[in-house]
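All of the numbers you see were taken from the coordinates with simple rules; none came from a lab. Keep in mind that what you see is a predicted model, and the values were worked out from it rather than measured. As a convention, Cβ positions derive from the backbone with ideal geometry for all residues, glycine included, and neighbour counts pool all protein chains shown.
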Amino acid sequence: MPIICSKCRSANAEVQIPYAKLNLCPCCFTDFYKARVRRTVEEFKMFREDDAVGVAVSGGKDSAALLQVLRLAYPSLELKALHINLGVPEYSTHCQQKVEKLANMLNVELHVFSLPEELGMGIGDFEKTPFKGKLCSACGTIKRRIFEKLAIKAHVRVLATGHNLEDVAGVMFNNFLYGRWEQFVRLKPVLPPLAKGMASKVKPLIKCPENENMLYCLYNDIPFREIDCPYADEIGVRKRAKILEFLSRDNPYFRHQLLSRFLEIMPIVEGITQKPELSQCKVCGFPSLSEVCAFCRRIAMVKEAIGKI
Ligand code: AMP
Ligand code: FES
Ligand code: ZN
C-alpha cells in the first residue's frame, strides 16, 4: 500500500522526514524545503528581500540547491553566482560546466575566478609544498580569500555558502571536542564583514540535511557534479558523518538538537574567545592576522615550488 503525503493528502509520499514525522510527495517536499530556507534566512536576519546576494556555487548538490531555492523563494533578490575554478584536471572543468548550466537555467549572472588563468597555478601544485597530503586545508584558505574577491567584484553585500546541517553540526562538534573555540565561532550562521566594503557571510542551508539537498536537486532537475575532487579529505568527512549517524540512530532529531544547543551557547563561547587583532596584509591589503596573510604566504609557497618567482 503506498503511503499518502502528510501535507496534500492526495499524492503518494516519496520522502520520509523522520525528525518531523512527515511523509511527503515531491511537490510538498519542495514547498517544505523552500519554507525552511526562508525561515532560516529570517530567523538569523541573513539578508533583506531586495538585497544583493552572491552564492558561492561549487557545482556540488548543496550550493546548487541553494542558488535555485533562493531564486525561487526571493524573486526580487539581486542574485549572483560565484564560482572558483581550482584548476584540478577534469574535476574543475566538470564542476564549472555544471555551474554554467545552472546559472543559465536560472538566468543568474555568473562570476568565475580561475586559479590557472589568474594565478597561473592549480590546487594540485600544493603537492610540491609542505601542504602535500593536506591539500584540502590549503584549498580552504585559498577559497575563503577568493570568495571575498569575487563578492567585491560582483558588488554583493552578502555571500551565501551551501554549508549543510551535517557540515556545520559535525565540524562544530569536533571543534567543541577539542576546545577550538575560535574555529567553533567561525561556524556561526551569519558572520559580519571582516572590513568595510567586504561581504557578510551567511549559511542558509544550516538546517538542511545533506540527503534533502540531494533530493531537492533531483526533484527539481538541478544540475550538480557527478565526480568527486581527487584531493578531498574523505576520511575526515566520513569519520564525522559516521559519529553523527551513530548518535542519530535512536534519535532522528539529534543533528538538529546538536545545532540548536551549539547556537544557544555561541554567545557564551564568543564572550570567552579573544577576537583576533586584524591588520592589513602588506602584499594584498586584505585583513590579516600577520604581516603577510595566509593566502599570500600559500600562493608564494606554490610559486616558489613551481619556479614562478
Ligand atoms: P566545502 O568547503 O567544499 O565543504 O564547501 C562549502 C561551501 O563553499 C559550498 O557549499 C559552496 O557554497 C562553497 N564552495 C566550495 N567550493 C567552491 C568553489 N570551487 N566555487 C564556489 N564555491 C565553492
Ligand atoms: Fe579543495 Fe578538492 S575542492 S581540495
Ligand atoms: Zn595577503
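At R0 = 41 Å, how high is the FRET efficiency between L247 and K282 if r is their beta carbon distance? Nearest 0.05 is fine.
Using R0 = 41 Å, I get an efficiency of 0.35.
I'd like the Karplus ³J(HN,Hα) series for region 42-49: coefficients 6.51, -1.76, 1.60, θ = phi - 60°, whole numbers in Hz, and an x wherever there's a Gly or Pro.
Rounded to whole hertz, the list is 6, 4, 9, 6, 6, 6, 8, 4.
Residues of region 31-61 with amide nitrogen under 13 Å from the 7 Å Cα-to-Cβ point of L72?
31-38
Between I235 and L177, what is the FRET efficiency for a Förster distance of 30 Å, r being their Cβ-Cβ separation, to the nearest 0.05?
Efficiency, rounded to the nearest 0.05: 0.95.
Using a Gaussian network model of the chain with C-alpha springs under 10 Å, which one of V55, V292, V69 is most mobile by mean-square fluctuation?
V292
Which ³J(HN,Hα) values in Hz, rounded to whole numbers, follow from the phi angles of region 130-142 under the Karplus curve 6.51 cos²θ - 1.76 cosθ + 1.60, where θ = phi - 60° and Gly and Pro get x?
Karplus-based 3J(HN,Hα) across region 130-142 equals x, 7, 3, x, 10, 4, 4, 5, 4, 4, x, 5, 5 Hz.
Be a star and scan region 57-85 for residues whose amide nitrogen sits under 15 Å from the point 7 Å along the Cα-to-Cβ vector of E42.
Label zone hits: 73-75.
Taking Cα atoms, how many degrees apart are the long axis of helix 294-305 and the longest axis of the chain, rounded to 10 and kept between 0 and 90?
So the inclination is approximately 60 degrees.
Aspartates and glutamates near K239 by alpha-carbon distance under 15 Å, same-chain residues fewer than 8 away left out - which ones?
Output for K239: E166, D167.
Can you tell me the order of 250-257, 182-189, 132-139, 206-213 when each peptide is scored by its average per-residue count of other Cβ atoms within 10 angstrom, highest first?
Answer by packing, highest mean first, reads 206-213, 182-189, 132-139, 250-257.
Report the extension gain between M266 and E118 in nm, rounded to one decimal, defined as 0.36 nm multiplied by the number of residues separating them, less their alpha carbon distance.
49.5 nm
How much length is gained on full extension from N211 to M1, taking 0.36 nm per residue of separation minus their Cα-Cα distance?
73.1 nm
What shape does region 239-309 take by its C-alpha gyration tensor, where a ≥ b ≥ c are the square roots of the eigenvalues and a/c under 1.5 counts as rounded, a/b above b/c as prolate, and the rest as oblate?
oblate
Given H placed on each backbone N at 1.01 Å, which residues far from V112 in sequence or on other chains put an amide H within less than 5 Å of it?
Hits under the 5 Å cutoff: H83.
Evaluate the Kirkwood expression for the hydrodynamic radius of the chain, namely the inverse of the mean inverse distance over all pairs of different C-alpha atoms, and round to one decimal in Å. Intermediate results must be reported in sequence, preceding the final value.
Working: mean 1/r = 0.0484 Å⁻¹.
Over the chain, the inverse of the mean reciprocal pair distance is 20.7 Å.
Expected output is a single nm value to one decimal: the length gained when fully extending between Y219 and E109, i.e. 0.36 nm times separation in residues minus the C-alpha distance. What is it?
The Y219-E109 span can extend by a further 37.2 nm.
What whole-number distance in Å separates the alpha-carbon centres of region 270-298 and region 208-261?
Going from one Cα centre to the other spans 31 Å.
HN-Hα J couplings of region 270-283 from phi, Karplus 6.51/-1.76/1.60, θ = phi - 60°, integer Hz, Gly and Pro as x?
Taking θ as phi minus 60°, the curve returns 4, x, 8, 9, 5, 5, x, 7, 9, 10, 9, 5, 6, 9 Hz for region 270-283.
If I fit a long axis through the Cα atoms of helix 234-248 and take the longest principal axis of the Cα atoms of the chain, what angle between them do I get, 0 to 90°, rounded to 10?
Helix 234-248 and the main axis of the chain meet at about 30 degrees.
Just flag the GluC sites (Glu not before Pro) in region 254-307 sitting in loop per DSSP whose Cβ has no more than 10 other Cβ atoms within 10 Å. Display every interim value, and only then the final one.
Numbers: sites: E264, E270, E277, E291, E304; in loops: E277, E291.
Sites meeting the loop and neighbour criteria: E277.
Taking only DSSP H segments of four or more residues, each worth -39500 (n - 2.57), what value at 222 nm results for the chain once the sum is divided by all its residues, to the nearest 500 deg cm²/dmol?
Working: 11 runs with 145 residues, N = 309.
Result for the chain: -15000 deg cm²/dmol, rounded to the nearest 500.
How much of the DSSP beta bridge set in the chain is antiparallel, as a percent to the nearest 5?
Counting only bridges with both partners in the chain, antiparallel ones make up about 30 percent.
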